[in-house]
Amino acid sequence: MVRRVALEDPSRRLGRLQSVVGSLRLHAASLESFPSVYQVFRAVQPDECYHLAAQSFVSYSFDDEFSTLNTNINGTHFVLAALKDVVPKCRFYFAGSSEMFGKVAEIPQTETTRFHPRSAYGISKVAGFDLTRNYREAYGIHASNGILFNHESPRRGFEFVTRKITSGIARILAGQSKELRLGNLEAKRDWGHARDYVEAMWAMLQQDEPDDYVVATGRSHSVWEFVRMACGMAGLDPDKYVVTDPEFYRPAEVQLLIGNPAKAQAKLGWRPSTQFADLVCEMVTADCASLGVEVPVTKSIEVE
Ligand code: GDD
């Protein structure tokens, strides 16, 4: 499901779908319009629905709390309400987030850890989580929540810190930039590979019973550790290029996220297959290649 503007300008708006677009049937609809979502369900009659769409950039949710809450909460509600009416047997996945844990109540975080969101984005995801569980309990919908920790890949948007770092390094190597401006380098995240996490989403919908699952690697690294490893692979000294800029700090930060994926391992048989160093390496290599820069990428800098 994509917005109509994307269908009208596919080369610019659907760039990241290029490799699969031939095998997809795209439907125009907007999460902001209940009738449009309803019509897509009627036309497609899906067996499975993966609801990932959202305003997903935490920083932006501080600039515009209203649109983040409107789009994310109403959008999820519209999808669930339409599904219940049109295809009540359709299995439903909701993209919950580790941002729901926010100011974490325990380490590591599990399915039973209390939520304490620290942004409008986190609040909207808690609401979506509760809506999903309520549709499961009240209407018997096969609706599952994934509580996904940060998941990255070379397809990541440029505004998120991992891609900002790896694309910034590529630009420095290509002579297009002289520095890398970042915010809080101390924040720690549990970073996995998106490819692995999509498999966990799919596995949830193959279960007999719907449920809620933490999807994480169980290991955490700081932003600075990510920078150091990525720069090391590209042969750059991070101290020479990284500049901290207050503009990129958040009014309320989520300082430490680390998930315990034991339930996903036990019930879904899921395990992450990509290690942190391989993820960083893949992203640095892809961004350098896209600018035609060759780097002697090494994994010699170990950050554990
Ligand atoms: N974006 C960004 N830009 N983040 C920075 C920067 C910067 O220049 N400098 C430091 N950071 C820090 C942020 O303050 C945050 O602590 C961390 O890097 C990660 O930021 P993001 O990459 O923007 O991701 P996120 O953790 O806020 O949210 C992502 O993961 C969630 C799952 O936990 C998003 O994908 C969310 O949609 C997702 O739910």
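Just so it is clear, none of the values below were taken in a lab; they were calculated from the coordinates. This is a predicted model, so every value here is computed, not measured. Neighbour counts run over all protein chains shown; Cβ positions are idealised from the backbone, glycine included.
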Starting from the stretch 1-83, pick out the trypsin sites (Lys or Arg not before Pro) whose DSSP state is loop and whose Cβ has at most 11 other Cβ atoms within 10 Å. 25
Would you list 106, 209 from fewest to most Cβ contacts within 10 Å? 209, 106
Given backbone amide H placed at 1.01 Å from N, residues whose amide H is under 5 Å from that of residue 27, ignoring those fewer than 5 places away on the same chain, are 2
Under a Cβ-only charge scheme (Lys and Arg +1, Asp and Glu -1), can you give me the dipole magnitude of the stretch 193-304 about the Cα centre, in debye to the nearest 20? 180
Step through the residues of the stretch 90-103 one at a time and calculate ³J(HN,Hα) from phi using the Karplus curve (6.51 cos²θ - 1.76 cosθ + 1.60, θ = phi - 60°), rounding each to whole Hz and writing x for Gly and Pro. 5, 7, 10, 10, 10, 7, x, 8, 5, 4, 5, 6, x, 7
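Can you pull out the trypsin sites (Lys or Arg not before Pro) in the stretch 159-197 that DSSP calls coil and that have at most 15 other Cβ atoms within 10 Å?
Numbers: sites: 163, 164, 171, 178, 181, 188, 189, 195; in loops: 178.
Passing sites in the stretch 159-197 are 178.
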List the residues, sorted by chain then number, that are 5 or more residues from residue 181 or on another chain and whose placed amide H is less than 5 Å from its amide H. 243
Of the beta bridges DSSP finds with both residues in the chain, what % are antiparallel, to the nearest 5? 10
Taking 32 Å as the cut-off for C-alpha to C-alpha distance, list the pairs among 84/267; 125/178; 125/164; 84/188 that go past it. 125/178; 84/188
Just want to confirm a number: the relative contact order over the chain, from Cα pairs under 8 angstrom separated by 6+ residues, in percent. 18
Can you give the Kirkwood hydrodynamic radius for the chain, in Å, rounded to one decimal and based on Cα pairs? 20.4
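Divide by every residue of the chain the summed helix terms, -39500 (n - 2.57) for each DSSP H run of at least 4, and state the resulting mean residue ellipticity at 222 nm, rounded to the nearest 500 deg cm²/dmol. It would help to have the intermediate numbers written out before the result.
Details: 12 runs with 119 residues, N = 304.
Value at 222 nm, helices only, nearest 500: -11500 deg cm²/dmol.
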Can you give me the Cα centroid spacing of the stretch 117-171 and the stretch 15-65 in angstrom? 14
For residue 55, other-chain or 5+-apart residues with amide H closer than 5 Å (H placed, Pro excluded) are 72
Report the longest stretch of the chain that contains none of the chymotrypsin sites (Phe, Trp or Tyr not before Pro) sitting in a DSSP loop with at most 16 other Cβ atoms within 10 Å. 58-157
Take every Cα pair under 8 Å in the stretch 150-235 that's 6+ residues apart, average their separations, divide by the length, and report that relative contact order as a whole percent. 37
